[in-house]
Ligand SMILES: *Cc1c(COP(=O)(O)O)cnc(C)c1O
């Protein structure tokens, strides 16, 4: 990658990072299916030494986060590599509200006696600062999934921690366009590239980004040992998706802000969680910390689980599906999932896409009507 690219704005970086520069080369990095290389030039085997397609994805995300990246088969493969690097007998701090898959990994390791686990409320900054002194892994996710709580990343990332301790931030919801935790002092940034980076609901991939090249080597080693390598097509599609991330985010974020306001004003809705709303408990911090308020809106529909299910059943444009961050809007009742009992039963997590906002509102309005009918109108 030419050095000049480091000075590009984020949208230009997304378009140009990781592409071949030789005259006659294809404009973009093609998918290069490879397991092994001709010996004599350093590279031996892809699981250990990487591949041109993964490296394009690593260049795109690493540069945007202000560090060096390692691509994985999924967000969870990246998460597992961080936990796997912990010495036995460590102490881990995890948010009370975070991606349920991360909570499962942390809980499974605790049950096996590999580490002690402490759960801390996302907004309890004093407890996070204290955890930085006592934990080998401090895991943050902000805004959190699915309650969209905002952690004071700047305060927590600059809290003193012992040598060798790791502070990791899951930046999946914010994307590096809205928030760059490495610059605040985090050691590791975690992405499910399945979500906004890929952006088309057609791949699974994950990325870790670190400030320190030595630490990158550790995670490359973890990937080699665990075998959590990305597929060539997935890495290619993730880069292709990332090329338009800035545009997609801008549009989806504008749609999300508009829908959050309309939902807040609607009597069929009990509560809306979106850090962009002036009355949201995380708003002041979000305004200081985030470049934009994101594409996810969580809201509680009047009438609880039954009303929320009726709403999902009535939608036509918004897809009733799990996951998030695609060009298409999706919605899910997270409280219906096992292990998600802290979530209000009527809470819906809406991942807002890039459709015309009036079409999205028309769809939601009709579905809210169907939900309200379960309350007797
Ligand atoms: C989806 C998700 C993950 C896990 O990523 P996969 O690609 O599904 O393995 C981790 N963190 C957050 C915040 C997510 O939304």
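The values are calculated or read from the model by the stated rules, or taken from the named source; none is laboratory data. Everything numeric here is computed off the predicted structure, so don't read it as measured data. Neighbour counts run over all protein chains shown; Cβ positions are idealised from the backbone, glycine included.
Some points to look at:
- The range 276-377 holds no strands (runs of 3 or more DSSP E) entirely within its bounds that carry 3 or more residues that are over 21 Å from residue 255 (Cα atoms) and at pLDDT below 95.
- Looking only at the range 174-226, and only at residues there that are assigned to a loop (DSSP other than H, G, I, E, B) and closer than 18 Å to residue 150 by Cα, the one that is nearest to the ligand (Cβ to nearest atom): 174
- Of all the criteria given as (1) surrounded by 18 or more Cβ atoms within 10 Å (Cβ to Cβ); (2) free of Cβ contacts under 8 Å to residues at least 40 places away in the same chain; (3) over 26 Å from the mean Cα position of the chain (by Cα), the one not satisfied by residue 376 is (1).
- Within the range 79-136, being over 16 Å from residue 152 (Cβ atoms), within 16 Å of the ligand (Cβ to nearest atom) and part of a loop (DSSP other than H, G, I, E, B) holds for one residue alone: 99.
- Filter result (surrounded by 20 or more Cβ atoms within 10 Å (Cβ to Cβ), away from the ligand (no atom under 16 Å from the Cβ) and assigned to a loop (DSSP other than H, G, I, E, B)) within the range 161-173: 161
- The condition (being within 14 Å of the ligand (Cβ to nearest atom), within 27 Å of residue 342 (Cα to Cα) and modelled with pLDDT of 95 or more) is satisfied by just one residue among 234, 141: 141.
- Residue within the range 71-79 that is closer than 22 Å to residue 161 by Cα and modelled with pLDDT of 95 or more present: yes
- The range 178-221: number of residues that are out of contact with any strand residue (DSSP E or B) (no Cβ under 6 Å at 6 or more places or on another chain), surrounded by fewer than 22 Cβ atoms within 10 Å (Cβ to Cβ), farther than 24 Å from residue 9 by Cβ and at pLDDT 95 or above: 7
- Answer residue from the range 59-78, given it is more than 16 Å from the ligand (Cβ to nearest atom) and crowded, with 19+ Cβ neighbours inside 10 Å and is nearest to residue 237 (Cα to Cα) among those: 60
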